[in-house]
1. Give the Rg (one decimal place) followed by the Dmax (whole number) of the range 69-159, computed from C-alpha coordinates and expressed in Å.
2. Taking only the alpha-carbon positions of the range 28-120 and ignoring solvent, what does the Debye formula give for the base-10 log of I(q)/I(0) at q = 0.18 Å⁻¹?
3. I want to verify a result. In a Gaussian network model of the chain, Cα cutoff 10 Å, which of these has the top mean-square fluctuation: ILE131, ILE26, ILE56?
4. Tell me the mean residue ellipticity at 222 nm calculated for the chain from its helices only (DSSP H runs of n ≥ 4, each -39500 (n - 2.57), averaged over every residue, nearest 500).
5. Please compute the contact order of the chain in relative form: average sequence separation of alpha-carbon pairs under 8 Å and at least six residues apart, divided by the residue count, as a percent.
6. Which residue fluctuates the most in the chain, going by a Gaussian network model with Cα springs under 10 Å, if the choices are HIS218, HIS209, HIS180?
7. Would you mind getting the accessible area per residue of the chain, heavy atoms of the protein chains only, 1.4 Å probe, in Å²?
8. How many percent of the accessible area of the chain is carbon or sulfur, using a 1.4 Å probe?
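The values are calculated or read from the model by the stated rules, or taken from the named source; none is laboratory data. The model shown is predicted, which means the values in this text are computed figures rather than measured ones. Note that we place each Cβ from the backbone using ideal geometry, even for glycine, and neighbour counts take in every protein chain shown. Surface accessibility is based on the protein's heavy atoms, side chains included, excluding ligands, DNA and RNA. Shrake-Rupley method; radii C 1.70, N 1.55, O 1.52, S 1.80 Å.
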Amino acid sequence: MTVPVIGITGRADQSARPPNLSLFAIAQTYVRAVELGGGAPVVVPPHLEEVELRSIFGHLDGLVLSGGGDIQPAAFGEEDSGLLWSVDERRDRSELALAQWALAEGLPLLAICRGVQVLNVAAGGTLIQDIPTQVPGALTHSTVAGRPIAVVAHTVDVAPGSRLAALFGAGDLGVNSAHHQAVKTVGPGLAVTARAPDGVIEGLERPDHPFCVGVQWHPEVMVESHPEMRRLFEALVEAARS
């Protein structure tokens, strides 16, 4: 049986020794989650020219847009609020291109945390640049900023009739949380499928796409302790196999 190849977007990293050794990296939790879902994971480097990126895209059966730093606000027509962190414009360009190709060509896509924000911007939407200063009465969404853990931070309300509801059921779903940005204006063609109790959008999907699901939490970190989260990766791989 052929195993679907699932690309996972990587990030630039300089944390290795000796100091400032430049790497392209991805958290092992993404790889493990794709494996548990039945896919063959490969890391897509973030700083490629379009022709190279397009060649890789052509060999993928599915795509995971991973988490990470903030998107440059110019990508969605706004000024920098001064509250951003870990902006990487080259990564932005690569991931926005990948998301646009996946939307246009029906490649199965799972977008996680930063990934759902990339998906929304790629579809023509905008972002809340900083939840604590821009959303009155917001929950604490950055429970461990930049380092997601498997602990449930809050619930989300999953919309009936959505792909998320087919996987988890409609209503309350416990999720983790490690973000300070979120979807603001939803991109054309996308539908909201989950919200936190404070109204922050936590899930998007493209209803007319073979499989296009975005979640604001980090299911890849929860697959061991909360096995129901594997369903997202199993569904992605099943769509990729189809």
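1. 14.2, 39
2. -0.84
3. So, out of ILE131, ILE26, ILE56, the one fluctuating most is ILE56.
4. Numbers: 8 runs with 69 residues, N = 242.
The helix contribution divided over the chain gives -8000 deg cm²/dmol.
5. Details: 535 pairs, mean separation 52.5, N = 242.
Relative CO of the chain lands at 22 percent.
6. HIS209
7. Values: 10380 Å² over 242 residues.
Here the residues of the chain average 43 Å² of exposed surface.
8. Working: 5430 of 10380 Å².
Exposed carbon and sulfur together represent 52 percent of the surface.
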